[in-house]
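Visitor: Just dropping this structure here.
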Amino acid sequence: MDPLARYEPLVDDYEAFRATCERPLPTVVRANGIKASVERATAALDEAGVGWRAREWNPDLLELDTDAPGNTWPYFLGWIHGQEEVSAIPPVVLDPKAGERVWDACAAPGSKTTQLAAMMDDRGLVVATDDNLGRLAPLRSNAERLGVTNLAVTHADARHFSLAPFDFEAFDAALVDAPCSGEGTVRKNPSALSGWSESFLDGIAGVQKGILRRAVQATRAGGTVVYSTCTFAPEENEAVLDYVLGEEDCRLVDLDVALESTPGVTEWNGRTFDPSVRKARRFWPHLNDAGGFFCAKLEVGG
Amino acid sequence: MTENVGTRFDRLPETADEREVDARPTREEVLTWWEDRYGVPPATFEEHTFWERGAGKVWAFRGDAPSPIEVQGLGMHVLRTDGEHWKPTTNAVQRFGVYATRNVLVLDADAAATFVRGEDQPVEWDGDWGYLVVARALAGTVAPLGVGLYLRGELRSQVPKGRRTDVDGA
């Protein structure tokens, strides 16, 4: 079984794609502005003799010349957080402002949650939800190490999320970084594809559709919902968008991230999708020497 | 008087007059404690509300919410008030200890590495006994690392097991 072979028709340079998937990922961390500026974090890395290079598209992201960023002073102090480069895309696309209310529907272990909080200058509210109680502990400990205080953590299946504990009616924005088959994480975890099956795709796509629908419902008119996965399968990406566009009052809008990507696909395995799914972006591993990723931006009440 | 419930967060009363739960600290007491003990100005917490979840565990949340609220986390666990002496958390000291002006013990790089490994060590300190903000110089500033208990010439690291680190380099 070679799941990645099914994407040959979608990739511009299939050989480069497969070769990149065989190579390990660079070590990337995100500087955490809640506790220290990038300048201070990099000065601490300099003092520790750890080489670093900032990513052009997002100066908070630093590639490090160490395999163990967790054993550095800036990590202990919560000045940096280990986060794969493409994992930093959705908060940038969501672009939250200080004071807004943002829902992170599938939050654990909290890399994107804490990035959202930092982009909001730790003001406003981030509600971080996960359905896996065991994964809430690392979510909370990451948030606390990174100094986040504008956060409420809830334990729920995002498909059935309730705003009842809170005193407001809707979020300004929501992030659905959906549970997925994880094909794009194969560089980090070579066994990521070992349990792959088409029936898994069908099952997980149902969950993804339910979560994205709930996120659109829980977001105010004019607000933003970002949908992302770390997988290539159109069943989990464009097909999910196509379904939710038909069920909820929302529309896809362009997203602007200065990384190489290709448009969402409008045809797959004999199915066709709403033409606006082309506004979503596919971040193939070989295009940016990073993990594989998919991201879409929706406006509610379109 | 009502009771503490371990699965929910209750906002701390502003002052003792508004207290409904025995032994629950007040916002005023929390602010006064940070200022008296460490010189952290009350304005530091101007945008934060304080909450109790379980007896003696105080959390700081940037913003406000209905009280009580049933959630798994609300802001940051910052303080324990159930012991004889109130004790700040490692994460609170790293976040808010940067505003501390007293009871701050600055270690050199080697002693700081010993501290974050969770080990006790002898130190020279002629200030108060009890819970100190332990810090080191880094990147041009003094960076609070966590909480140390100073008693009789010894600094006992209070860095919790999950945060202890064997740090490489300077």
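Visitor: Please pick out the residue among B:V147, B:V123, B:V106 that is crowded, with 21+ Cβ neighbours inside 10 Å and either of a type in the set (A, V, I, L, M) or within 16 Å of the chain's Cα centre (by Cα) (or both).
Guide: Working: B:V123 fails: crowded, with 21+ Cβ neighbours inside 10 Å; B:V106 fails: crowded, with 21+ Cβ neighbours inside 10 Å.
Answer to the selection: B:V147.
Visitor: Right, here's the next one. When you check A:T266 against the structure, is it of a type in the set (S, T, N, Q), under 30 Å from A:T27 (Cβ atoms) and surrounded by fewer than 20 Cβ atoms within 10 Å (Cβ to Cβ), yes or no?
Guide: Values: of a type in the set (S, T, N, Q): yes; under 30 Å from A:T27 (Cβ atoms): no; surrounded by fewer than 20 Cβ atoms within 10 Å (Cβ to Cβ): yes.
So A:T266 does not fit the description; no.
Visitor: Moving to a separate point now. Does the stretch A:17-31 include one or more residues that are part of a strand (DSSP E or B), away from chain B (no Cβ under 14 Å) and of a type in the set (A, V, I, L, M)? Don't jump to the end; show me each part of the working.
Guide: Narrowing the stretch A:17-31 to residues part of a strand (DSSP E or B): A:28-31.
Pick out the ones that are also away from chain B (no Cβ under 14 Å) and you get A:28-30.
When the remaining residues are screened for being of a type in the set (A, V, I, L, M), the result is A:28-29.
Yes, that holds for at least one residue.
Visitor: Residues that are within 14 Å of another protein chain (Cβ to nearest Cβ) and among the charged types (D, E, K, R): does the stretch A:71-94 have at least one? Spell out how you get there, then give the answer.
Guide: Quick first cut of the stretch A:71-94, residues within 14 Å of another protein chain (Cβ to nearest Cβ) only: A:71-82.
Of the ones still in play, those that are also among the charged types (D, E, K, R) are none.
Scanning the stretch A:71-94 turns up no residue that is within 14 Å of another protein chain (Cβ to nearest Cβ) and among the charged types (D, E, K, R).
Visitor: Let me ask something else about it. Return the residue satisfying two criteria in turn: it lies in the stretch B:46-60 and is free of Cβ contacts under 8 Å to residues at least 40 places away in the same chain and either buried (at least 19 other Cβ atoms within 10 Å of the Cβ) or assigned to a loop (DSSP other than H, G, I, E, B) (or both), and of such residues it is farthest from the other protein chains (Cβ to nearest Cβ). Before you say what the answer is, go through the steps one by one.
Guide: Of the residues in the stretch B:46-60, the ones free of Cβ contacts under 8 Å to residues at least 40 places away in the same chain are B:46-50, B:56-57, B:60.
From the residues that got through so far, the ones that are either buried (at least 19 other Cβ atoms within 10 Å of the Cβ) or assigned to a loop (DSSP other than H, G, I, E, B) (or both) too are B:46-50, B:56, B:60.
Details: B:E46: 12, B:E47: 7, B:H48: 7, B:T49: 10, B:F50: 11, B:G56: 18, B:A60: 6 Å.
Restricting to residues being free of Cβ contacts under 8 Å to residues at least 40 places away in the same chain and either buried (at least 19 other Cβ atoms within 10 Å of the Cβ) or assigned to a loop (DSSP other than H, G, I, E, B) (or both), the top hit is B:G56.
Visitor: Of the conditions (1) farther than 30 Å from A:G301 by Cα; (2) surrounded by fewer than 21 Cβ atoms within 10 Å (Cβ to Cβ); (3) within 14 Å of chain B (Cβ to nearest Cβ), A:L146 clears all except one; give me its number.
Guide: Condition (2) is where A:L146 drops out.
Visitor: Next question. Does B:D168 satisfy being assigned to a loop (DSSP other than H, G, I, E, B), more than 15 Å from the chain's Cα centre (by Cα), farther than 18 Å from A:T149 by Cβ and away from every other protein chain (no Cβ under 13 Å)? Write out each step before concluding.
Guide: Working: assigned to a loop (DSSP other than H, G, I, E, B): yes; more than 15 Å from the chain's Cα centre (by Cα): yes; farther than 18 Å from A:T149 by Cβ: yes; away from every other protein chain (no Cβ under 13 Å): no.
In short, no.
Visitor: Checking the condition loosely packed, with under 15 Cβ neighbours inside 10 Å, within 14 Å of chain B (Cβ to nearest Cβ) and among the acidic types (D, E), which residue from A:D167, A:D202 passes? Before you say what the answer is, go through the steps one by one.
Guide: Numbers: A:D202 fails: within 14 Å of chain B (Cβ to nearest Cβ).
A:D167 is the lone residue from the list that is loosely packed, with under 15 Cβ neighbours inside 10 Å, within 14 Å of chain B (Cβ to nearest Cβ) and among the acidic types (D, E).
Visitor: Looking at A:P59, is it within 14 Å of chain B (Cβ to nearest Cβ) and within 18 Å of the chain's Cα centre (by Cα)? Steps first, answer last, please.
Guide: Numbers: within 14 Å of chain B (Cβ to nearest Cβ): no; within 18 Å of the chain's Cα centre (by Cα): yes.
Here the answer is no, as A:P59 does not meet what is asked.
Visitor: Could you tell me how many of the residues in the stretch B:64-95 are of a type in the set (A, V, I, L, M, F, W, C), touching a Gly at 6+ places or on another chain (Cβ under 9 Å) and within 7 Å of another protein chain (Cβ to nearest Cβ)?
Guide: Total satisfying the criteria: 1.
Visitor: I've got another one for you. Working only within the stretch A:128-143, note down all residues that are farther than 19 Å from A:G70 by Cβ and surrounded by 24 or more Cβ atoms within 10 Å (Cβ to Cβ). Give the steps one after another, and end with the answer.
Guide: Looking only at the stretch A:128-143, we keep the residues that are farther than 19 Å from A:G70 by Cβ, and these are A:128-134, A:136.
Within the stretch A:128-143, A:A128, A:T129, A:D130 meet the criteria.
Visitor: Also, quick follow-up: Would you mind finding the one in B:V116, B:V133, B:V71 that is buried (at least 17 other Cβ atoms within 10 Å of the Cβ), within 21 Å of A:T149 (Cβ to Cβ) and not assigned by TED's automatic domain parsing to the domain that holds B:E14?
Guide: Values: B:V116 fails: within 21 Å of A:T149 (Cβ to Cβ); B:V71 fails: not assigned by TED's automatic domain parsing to the domain that holds B:E14.
Being buried (at least 17 other Cβ atoms within 10 Å of the Cβ), within 21 Å of A:T149 (Cβ to Cβ) and not assigned by TED's automatic domain parsing to the domain that holds B:E14 holds for just one of B:V116, B:V133, B:V71, which is B:V133.
Visitor: Within the set of pairs 6+ apart or on separate chains, which have a first residue in the stretch A:181-201 that is assigned by TED's automatic domain parsing to the domain that holds A:P285 and assigned to a helix (DSSP H, G or I), a second that is surrounded by 11 or more Cβ atoms within 10 Å (Cβ to Cβ) and of a type in the set (A, V, I, L, M, F, W, C), and C-beta atoms under 6 Å apart?
Guide: A:E183/A:F232; A:G184/A:C230; A:G184/A:F293; A:T185/A:A192; A:T185/A:C230; A:L201/A:A233
Visitor: Which one of these is within 14 Å of chain A (Cβ to nearest Cβ) and part of a loop (DSSP other than H, G, I, E, B): B:G127, B:G118, B:G146? Before you say what the answer is, go through the steps one by one.
Guide: Numbers: B:G127 fails: within 14 Å of chain A (Cβ to nearest Cβ); B:G146 fails: part of a loop (DSSP other than H, G, I, E, B).
Just one listed residue meets the conditions, B:G118.
Visitor: Ok, one more. For A:M119, which of the numbered conditions (1) more than 15 Å from A:A178 (Cβ to Cβ); (2) at pLDDT 95 or above; (3) within 11 Å of another protein chain (Cβ to nearest Cβ) fails to hold?
Guide: Every listed condition holds for A:M119 apart from (3).
Visitor: Looking at A:R214 and the list (1) more than 20 Å from the chain's Cα centre (by Cα); (2) under 21 Å from A:L116 (Cβ atoms), which single condition is not satisfied?
Guide: Answer for A:R214: the failing condition is (1).
Visitor: Select from the stretch A:32-55 the residues that are out of contact with any Ser or Thr (no Cβ under 9 Å at 6 or more places or on another chain) and basic (K, R) and write down the one among them that is farthest from the other protein chains (Cβ to nearest Cβ).
Guide: Per the criteria, the residue is A:R55.
Visitor: A follow-up question, please. Examine the stretch A:35-57 for a residue that is hydroxyl-bearing (S, T, Y), surrounded by 14 or more Cβ atoms within 10 Å (Cβ to Cβ), farther than 27 Å from B:V134 by Cβ and without any contact (Cβ under 8 Å) to a residue 40 or more places away in the chain, and state whether such a residue exists.
Guide: no
The values are calculated or read from the model by the stated rules, or taken from the named source; none is laboratory data. Everything numeric here is computed off the predicted structure, so don't read it as measured data. In this analysis, Cβ positions are derived from the backbone assuming ideal geometry, glycine residues included, and neighbour counts consider all displayed protein chains.
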